[in-house]
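First up is the structure itself, then whatever we jot down about it.
The values are calculated or read from the model by the stated rules, or taken from the named source; none is laboratory data. From a predicted model like this one, the values you see are computed outputs, not experimental measurements. Cβ: placed from backbone, ideal geometry, glycine included. Neighbour counts: every protein chain shown. Keep in mind that these areas ignore ligands, DNA and RNA; they rest on the heavy atoms of the full protein, side chains included. Shrake-Rupley method; radii C 1.70, N 1.55, O 1.52, S 1.80 Å.
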Amino acid sequence: MAEHFVCKSDELPDGQVRIMTHGSLEIGVIRHGDAYYAYRNLCPHQGGPACEGIRLPQVEDRIVGDLFVGQCFDENDMHIVCPWHGYEFHLSTGEHVIDSRLKLRKFDVVAREGGVYVDI
Ligand code: FES
């Protein structure tokens, strides 16, 4: 494993993704607030570019007593949505939201001294 420079921190604004390549490997580096995540840009479903999909918060049902009263977003549980068929993965872990056996391959990523680096 070795660290690879991705970009300057200010070149990756909050909510954006930077796709980098290392040989034949394509990795999506995603910034969410002050946190950075890096995943192989390859969906375990049929190989779509998962990291290039939109990111949405978890939708939760609101139940009061026995009554369904609506839905709300949980901004603390963001999902990556694969653009090909809509499989959703937890941004923090890369695991599919229903079947945790399906995972995006995760890489360590760090931001320091104005740069973003991925361990490959
Ligand atoms: S390839 Fe990603 S959902 Fe099908």
Original post:
Using a probe of 1.4 angstrom, how much of the accessible area of segment 3-112 is carbon and sulfur, in percent?
Top reply: 47 percent
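Please calculate how many Å² of accessible area the chain carries per residue, with a 1.4 Å probe and no DNA, RNA or ligand atoms counted.
On the way: 7180 Å² over 120 residues.
That works out to 60 Å² per residue.
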Original post:
Label-point separation (nm) for Thr21 and Val81, each offset 7 Å from Cα along Cα-to-Cβ?
Top reply: 2.8 nm
**OP:** Give the long-range amide H neighbours of His4: residues separated by 5 or more places, or on another chain, with amide H under 5 Å away, using H modelled in the peptide plane at 1.01 Å from N.
**Re:** Val118, Asp119, Ile120
Subject >> Estimated inter-spin distance, Ile98 and Cys72, nm [label 7 Å along Cα→Cβ] >> reply: 2.5 nm
Original post:
Which far-off residues, 5 or more places away or on another chain, put their amide H under 5 Å from the one on Gly115, with H placed in the peptide plane?
Top reply: Ser9
**OP:** Could you go through segment 100-113 in sequence order and give the Karplus-derived ³J(HN,Hα) for each residue, using 6.51 cos²θ - 1.76 cosθ + 1.60 with θ = phi - 60°, rounded to whole Hz, and x for Gly and Pro?
**Re:** 5, 6, 8, 9, 7, 6, 9, 10, 6, 9, 9, 10, 7, 6
Original post:
Dividing the convex hull volume of the alpha carbon atoms of the chain by its residue count, what do you get in Å³ per residue?
Top reply: 117 Å³
Subject >> In Hz, Karplus ³J(HN,Hα) per residue of segment 78-84 (6.51, -1.76, 1.60; θ = phi - 60°; x = Gly, Pro) >> reply: 7, 10, 9, 10, 4, x, 7
**OP:** Using per-residue counts of other Cβ atoms within 10 Å, averaged over each peptide, order 14-26, 60-72, 106-118, 36-48 from highest down.
**Re:** 36-48, 106-118, 14-26, 60-72
